[in-house]
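The values are calculated or read from the model by the stated rules, or taken from the named source; none is laboratory data. Bear in mind the structure is a predicted one, so any value in this text is a computation, not a measurement. When we count neighbours, we look across all protein chains shown, and the Cβ atoms used for this are built from the backbone with ideal geometry, even at glycine. When the accessible area is computed, the model is the full protein with side chains, heavy atoms only, and any ligands, DNA or RNA have been set aside. Shrake-Rupley method; radii C 1.70, N 1.55, O 1.52, S 1.80 Å.
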Amino acid sequence: MAYQSVHRAARQPWIWALLIALLALALAGPAMLFAAPPEQSAGEGETLFQAKCVACHTIGGGALVGPDLAGVADRRDAAWLSQWILAPDKMLAANDPIAVQLLQESNNVPMPNLALSEAEVASLVAFLANPGADAVTQPAAPLATGDAAHGRALFTGSSRLENGGPPCMTCHSIAGLGALGGGALGVDLTKAYETYGGDAGLAAFLNTLPTVTMNAVWSSQPLTPAEQDDLRAFMQEASFAERPPQTVWLLALLAAAGVALLLLLAQLIWRKRLVSVRKTMVQRARA
Ligand code: HEC
Ligand code: HEC
């Protein structure tokens, strides 16, 4: 059974897309070492900001997951800003006092390392120092309400994503899926609706998917606006659904059953091998 599903999975085109994306990610790292020297441009910075930052920040539109960045260049010096945007995780690990304080102020949601190049960071810092009059604020238009049931189907993969992306459940667990909470490999998304600041914040996140893995997987096969609405509606619903404690036991039981099945399979295969090895030995002895 496990065998079959592995084979079936291998025939899905998105598995290959995923592998290629991960490979590209592995190759991109070293390539960055040879990137061109920094060249600042605030215009470039604005484009980057729209692609990588608006999921969590506005400039003058209030706090989302991260603080409002209006006037941030006056609050912090340029060297700190560059270091921060380049590797917020490292600054936190080094107990930078500002980083520690910011984390406390944002309910312990850390800013992810977005794997930007030094040139990209330089243009972002230039943009933040001088964002211009038409500062980036969140869209004022009210958001469409999605269909939570369809969002659930998209999350689990029982409905196909239009552009062929893998179902969220491959990597994420979430409450509200019944006994099977979903893949335990990625982040649990039960609280994502709250941590991302509700509808507006999550909408911005799903629209740009700025973090490293999410971006590698989704940039070539984006979620459609309708899919984003449906997923958001489902994730809102899931944020209210607490996982009943007995499902933990059920999951443990299922995992144990899986291990037992594998052992059984291994034994069957091993036995057959033993028999066939013995057969040839007996035949050889007879000859
Ligand atoms: C997934 C959410 C997320 C994304 C995407 C993100 N940030 Fe942040 N950012 C945060 C959070 C949360 C904080 C508060 C510090 C913390 O908790 O780590 C923060 C803090 C900051 C600060 C410090 C603010 C201050 O008051 O000193 C700056 C500057 C910043 N981010 C810039 C950026 C830029 C530029 C980008 C895009 C390249 C970006 N962030 C993308 C979540 C995010
Ligand atoms: C290939 C695995 C994979 C798939 C598929 C995937 N994600 Fe993710 N997701 C991740 C990883 C890993 C992270 C952690 C940040 C990063 O590295 O991108 C993440 C982060 C997130 C976050 C931020 C969570 C947090 O607490 O900061 C949200 C929200 C999210 N994913 C939503 C989704 C949705 C919705 C889908 C389906 C449309 C999806 N993901 C599909 C791997 C995946």
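Here are some notes:
- Asp188 long-range amide H proximity, modeled H, under 5 Å: Ser173
- With all protein chains in place and a 1.4 Å probe, the accessible surface of the range 38-138 carries 52 percent carbon and sulfur.
- A quarter of the convex hull surface defined by the alpha-carbon atoms of the range 41-92 gives 3.9 nm² as the mean projection.
- Convex hull volume of the C-alpha atoms in the range 148-240, normalised per residue: 84 Å³.
- Highest mean first, the peptides 64-71, 93-100 sorted by other C-beta atoms within 10 Å per residue fall in the order 64-71, 93-100.
- The range 38-138 shape via C-alpha gyration tensor axes, a/c threshold 1.5: oblate
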